[in-house]
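Derivation of every value follows stated rules applied to the coordinates shown; laboratory data play no part. All of these numbers come straight from a predicted model, not from anything done at the bench. So basically every Cβ, Gly included, is an ideal-geometry build from the backbone, and we count neighbours across all protein chains shown.
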Amino acid sequence: MYLNNILNDPERLQRLIDIAQSSLLPMLKGALYYTLPLTFITFTLGLIIAIFTALARISTIKPLQWMARFYVSIIRGTPLLVQLFIIFYGLPSVGITINPFPAAVIGFSLNVGAYASEVIRAAILSIPKGQWEAGYTIGMSYSQTLKRIILPQAARVSVPPLSNTFISLVKDTSLASLILVTEMFRKAQEIAATTYEFLLLYTEAALLYWIICFLLSIAQQKIEGRLDRYIAK
């Protein structure tokens, strides 16, 4: 019914085409300047957090284990949107004000760090104990064995799930629009608020997200293929 009305109204059809064309560049700029940088920055920081958290989880030092478990439990047990709202809207009530983009970086990094830490921890634990023993046998310390033998093998195991986390993060960055980060979806909201063509603009934004994620999926498959060939050798 909706499509029939549009097709039977050439003026409205042309207006929708013009809006779609004029909104494409602003949304692409939002993706280029905010969505993608936010994704790469937060994934990198989150990965660093994840490695240290995973090592703390498998550590024999009980306080480190408890702190890491508490952090993971808090992040995994609360919605990402709530976490962003606490950081951006909640902290100012105690005198801590953070600008939108840094607030988004903090929120997404902490979120990625908690989820990715479980991936990395599982990858480390999947390495046979014989690998540890082999490192100790040739005189390596715990840290040397971890760095030279365990982590390289764990990295290959964790690449597929971490790649999925990265792709999911691209979509999750749309939540940053709710704390005033002018990323791609925020641009779509701003244009929709002035044109009142919400369905068109949100569909166009969804299509752009899909294209980005599709390209990243292709890159993921190539990386996994190379790793498979490397492991086979």
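With springs connecting C-alpha atoms under 10 Å apart, model the chain as a Gaussian network and identify which of Glu118, Glu183, Glu197 has the largest mean-square fluctuation. Evaluated over the chain, the most mobile residue of the options is Glu197.
Within straight cross-link reach of Lys171, meaning Cα distance under 16 Å, which aspartates and glutamates are found once same-chain residues fewer than 8 apart are removed? Hits, sequence-local ones excluded: Glu183, Glu204. For segment 49-68 and segment 108-130, what is the separation of their C-alpha centers, rounded to whole Å? For segment 49-68 versus segment 108-130, the Cα centre distance is 11 Å. Between Arg148 and Gln221, how high is the FRET efficiency from 1/(1 + (r/R0)^6) when r is the Cβ-Cβ distance and R₀ = 41 Å? Nearest 0.05. About 0.90, to the nearest 0.05. Give the relative contact order (percent, whole number) for segment 2-232; include only Cα pairs under 8 Å separated by 6+ residues. 27 percent. Rg/Rh, computed from the Cα trace of segment 110-172 with Rh as the Kirkwood radius, has the value 1.10. Give, to the nearest whole percent, the P(r) tail of segment 68-188 beyond 26 angstrom, counting all Cα pairs. Tail of the P(r) past 26 Å holds 38 percent of the pairs. For the chain, a Gaussian network of Cα nodes joined below 10 Å ranks Tyr136, Tyr33, Tyr89 by mean-square fluctuation, and the top entry is Tyr136.
In a Gaussian network model over the chain where Cα atoms closer than 10 Å are linked, find which of Leu28, Leu55, Leu199 has the largest mean-square fluctuation. Highest fluctuation among the options: Leu199. For the chain, the direction-averaged projected area of the alpha-carbon convex hull comes to 17.3 nm². Of all lysines in the structure, those lying under 23 Å Cα to Cα from Lys62, and not within fewer than 8 positions of it along the same chain, are Lys129, Lys147.
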